[in-house]
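The values are calculated or read from the model by the stated rules, or taken from the named source; none is laboratory data. Just so you know, these numbers come straight off a predicted model, no measurement behind them. For neighbour counting, all protein chains shown are included, and Cβ atoms are generated from backbone atoms with ideal geometry for every residue, glycine included.
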Amino acid sequence: MKTPWGELRIADAHVHLFSWNFFRLLTNGRDPAAVCAELGWVEPPERPDLLAAMWVAELHQHGVERCAMFASLPGDEPSVAAAVGAYPERFWGGFFLNPTSAGAVERLRSGLAAGLKTVCLLPAMHAYPLSDPRVEELLVEAERLAATVFVHLGVLSVGVRKKLGLPSPFDMSFSNPLDLHGPALRHPALHFIVPHFGAGFFREALMLADLCPNVYLDTSSSNAWMKYHAPELTLNQVFGRALDVIGPTRLLFGTDSSYFPRGWHQPVFEQQVQALAGCGVNAEAAELILGGNLRRLMGTP
């Protein structure tokens, strides 16, 4: 893709596969066609490989080489596994997992055996502390199997739930990035990703990443959490501070794209490119943040 630094290979670290099955799981069995009509969104094909083809066309249109694609509810691993299986050169797969649910470790093994690379933990959504022994059991197995561990911390807001009037009883007492410090220290060979710069816990996320070289920050979404910061922050300042503290090698560009007809969220990319340019990053640093770091993390040249 053409950027202020020339042609770069763009890889998006944060895209959701809102599959046909995702809408069924989200709404406790409602017809996905009716749900999407209510949202004003395009109904995804029932076959996830066909939805994957839509995403491949979308990435191609925008000049994006690859993306990390998440199954966005526990139980939807087969959808993203089918997408990765159909287009392994385009997608790395990740899946949501609740460590406190029965059979969580076996589900971790099954997801990774299906070709997925990243397990996604959401402590606020599923109401557990990262100090829970069941989390430790999962991390031991994730380390053994060389998985990447994505941990959503900070403010958790799921837009599609709000649009559908679904409850979101997420408990922010489980959302502090510092809660990940102990697990990250105990598992230095594991790579942890914290999205959205810590989603309102920017200071704590920077502390965590500064102390733990195995922690990465993803830059995804509109970063609306900045409204909570006093004094007010700008995206340029956020990138500048992150670069000052941890440098360019552990920042992962992401958009948080998810549904059609919006598709890949180009304005988020443009805003982040402008912020990086405003920070004066050079071409080497831009290449790392906009794709190189993610490719290295996923073991892909």
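Some observations on this one:
- Taking first residues from the stretch 253-266 that are under 24 Å from A277 (Cβ atoms) and free of Cβ contacts under 8 Å to residues at least 60 places away in the same chain and partners that are of a type in the set (S, T, Y) and buried (at least 17 other Cβ atoms within 10 Å of the Cβ), the Cβ contacts under 6 Å between residues at least 6 apart in sequence or on separate chains come to H265/T255; H265/S257.
- Verdict on G198 being in contact with a His (Cβ under 7 Å, 6 or more places away or on another chain), at positive phi and either modelled with pLDDT of 95 or more or not aromatic (F, W, Y) (or both): no
- Applying a threshold of 7 Å to beta carbon distances and a minimum spacing of six or more residues, or different chains, the list of pairs starting in the stretch 182-199 at a residue that is of a type in the set (A, V, I, L, M) and ending at one that is part of a loop (DSSP other than H, G, I, E, B) and at pLDDT 95 or above reads A184/C212; A184/N214; L185/C212; L190/N214; V194/L153; A199/L153; A199/G154; A199/V155.
- Single unsatisfied condition, E46 versus (1) more than 20 Å from the chain's Cα centre (by Cα); (2) without any contact (Cβ under 8 Å) to a residue 24 or more places away in the chain: (2)
- Members of the stretch 152-181 that are assigned to a loop (DSSP other than H, G, I, E, B), closer than 26 Å to P32 by Cα, in contact (Cβ under 8 Å) with a residue 24 or more places away in the chain and in contact with a helix residue (DSSP H, G or I) (Cβ under 6 Å, 6 or more places away or on another chain): L156, F170
- Selection of first residues in the stretch 227-240 that are in contact (Cβ under 8 Å) with a residue 12 or more places away in the chain and over 19 Å from L276 (Cα atoms) and of second residues that are of a type in the set (A, V, I, L, M, F, W, C) and part of a helix (DSSP H, G or I), restricted to Cβ pairs under 8 Å at least 6 apart or on distinct chains, gives the following pairs, ordered by first then second residue: H229/F202.
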